Protein chains: 2
Amino acid sequence: MPDSEYRDIRKLDLFTHMADDNFTSLMRGAYVQNFPAQIELITEGEPSDFLHIVISGSVDLFSSWNGRETSMATVRPISTFILAATIKDAPYLMSARTLEKSRIALIPSQDVRAIFDVDSNFARAIVTELAQCYRSVIKAQKDLKLRTSLERLANYLLRQQRHAGGGAAFELDFEKRRLASVLGMTPENLSRAFKGLQPYGVTVTGTRISIDNQADLERFAKPNPLIDDFST
Amino acid sequence: MPDSEYRDIRKLDLFTHMADDNFTSLMRGAYVQNFPAQIELITEGEPSDFLHIVISGSVDLFSSWNGRETSMATVRPISTFILAATIKDAPYLMSARTLEKSRIALIPSQDVRAIFDVDSNFARAIVTELAQCYRSVIKAQKDLKLRTSLERLANYLLRQQRHAGGGAAFELDFEKRRLASVLGMTPENLSRAFKGLQPYGVTVTGTRISIDNQADLERFAKPNPLIDDFST
DNA sequence: CCGAAGGGTTGACATATATCAATTGATTTG
DNA sequence: CAAATCAATTGATATATGTCAACCCTTCGG
């Protein structure tokens, strides 16, 4: 693993406070691999052998049941995924596939659990990370249960706008079909939802979104930090 | 706090492995209170001052947005709630109200965080608990996104049946209106959904459910451990 | 340049779900 | 007991969302 990647991983909240020895030992057992797009990295139901870290590219976490499939989240660099399964030594609840060419580090789960047992700084970091993940899913659940698809899209756009720097125009960082899945609707419906937001000053050109009337859209979307603010 | 309650709390996964001193010190700062039914214990958005433990009775965790409200979960004895907010020292994402006369222990959040910092067994237990909570919400999310309301009800009944011991007949442990909210539908729709399950051998009499044709219902519900098994 | 493939869009339609209003039935309360 | 509540149900209807098929448009490879 190149030194710069090593340092980038070390800087993750999860690893930054742990003892040097332990970090080194974790990394010794890890390996890094480049994957092409559309590769299924893990499959739900399988035992959780590795903690994954996305170094570059992006990964879609999705889930299937009875022939249906839904996108649960997208993981972007640099962050980990399936921490909970690793810690609990339980089967993956979600599958993961690369969305593009991606570089992924794999740390054997048993190493993570072993270091977790001896390094209390690491254990504490894991607590914070899991609490964060938990709260994110709760927010997603509130979004799903309390809002219509049009409201979900409107609030997604406002979040994405803020994430992109706050300007009136910005790019979607999803393919639309997957955005639809993330938002819990069909691609056809997403298309109509974009039209449904036109009266509130939303213009779409390909993946470029322009919010022409910020106040109007916000009045409709009614964003709420307890749902839309991912930092708390 | 009576001795028996003290011991019951001590036996919770969360507290069972921590040092005696630390547990005692946690409990010293705690207080226990009896609440009547329908009392709002906490309100979403408020700072998380206390970790709550339900000793008896039951508590509904719910959330509101734009005049709508939804039930997120029900907490039954003996377990804790809002651990994540306590740990992160972040605002509650959900409100909580007693469903019946309930006895609740309140542990100051800062005590929990302080002991968490010095007792690594406690920290580890918190990790396990949070990982469990996280996975439960992911399952709930899959349930919501991948299933129709009829399928959710069918699978809920199968889970509840198992929880009640596996017999063909059992009691709902929810008021129907709240079950509807938990399952993400209206009470009217729940009523119709019960009718919709009649062809699969489900009989409803008040809160009593009878599953007359187990195989039929399972064939329709297609239960899946990665969604319906709460123990993993 | 052509044609195939695939994402995106659109329209017509089907289904699922919510809403509203009215009624029933059980439970509580004076 | 009777009145008052409130949950549960039912029917009629509206709205939201999904499905299917067709088409458009871009991209990519021969």
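The values are calculated or read from the model by the stated rules, or taken from the named source; none is laboratory data. On a predicted model such as this, the values are computed, not experimentally measured, just so you know. Counting neighbours? That spans all protein chains shown, and the Cβs are built from the backbone with ideal geometry, glycine included. Ligands, DNA and RNA are stripped out before the accessible areas are found, and what is left, the full protein with its side chains, is counted by its heavy atoms. Shrake-Rupley method; radii C 1.70, N 1.55, O 1.52, S 1.80 Å.
Shielding of peptide B:123-130 by partners, expressed as the average count of other chain Cβ atoms within 10 Å per residue Cβ, is 6.
As a length-normalised measure over Cα pairs under 8 Å and 6 or more apart, the relative contact order of chain A settles at 19 percent. Net charge in the neighbourhood of B:Gly201 (other residues with Cβ under 14 Å of its Cβ; Lys, Arg +1, Asp, Glu -1) is -1.
Work the Kirkwood hydrodynamic radius out for region A:90-216: mean of 1/r over every pair of different alpha-carbon atoms, inverted, in Å.
On the way: mean 1/r = 0.0572 Å⁻¹.
One decimal place: 17.5 Å for the Kirkwood radius.
In the full protein context, the protein assembly as shown carries 44 Å² of accessible surface per residue, based on a 1.4 Å probe and ignoring ligands, DNA and RNA.
Of the heavy-atom accessible surface of region B:61-203 (probe 1.4 angstrom), what whole percent is carbon and sulfur? Mind dumping the intermediate values first?
Details: 2580 of 5400 Å².
The C+S portion of the solvent-accessible surface of region B:61-203 is 48 percent.
What the Cβ-Cβ distance of A:Lys101 and B:Arg113 gives, at R0 = 35 Å and to the nearest 0.05, is a FRET efficiency of 0.25. All other residues whose Cβ lies under 13 angstrom from that of B:Glu100 are scored, Lys and Arg at +1 and Asp and Glu at -1, for a net of +2. Approximating the spin labels as points 7 Å out from Cα along Cα→Cβ, the A:Asp21-to-B:Met1 distance works out to 3.7 nm. The mean number of Cβ atoms from other chains found within 10 Å of a Cβ in peptide B:157-168 is 0, as a whole number. Taking K and R as +1 and D and E as -1, what net charge do the other residues with C-beta under 9 Å from the C-beta of A:Leu183 add up to? Charge balance in the 9 Å sphere: 0.
Each residue of the protein assembly as shown gets 152 Å³ once the volume of the Cα convex hull is shared out per residue.
Within region A:147-228, the proportion of C-alpha pairs whose separation exceeds 20 Å stands at 22%.
Buried surface for the A/B pair, taken as the accessible area of each chain alone minus that of the pair with a 1.4 Å probe, is close to 5000 Å² in total. Its Cα gyration tensor gives chain A an equivalent ellipsoid. The semi-axes, each the square root of 5 times an eigenvalue, are 35, 19, 17 Å from largest down.
Report summary: the helix-based calculation at 222 nm, which adds -39500 (n - 2.57) for every DSSP H run with n ≥ 4 and divides by the residues of chain A, gives -14000 deg cm²/dmol.
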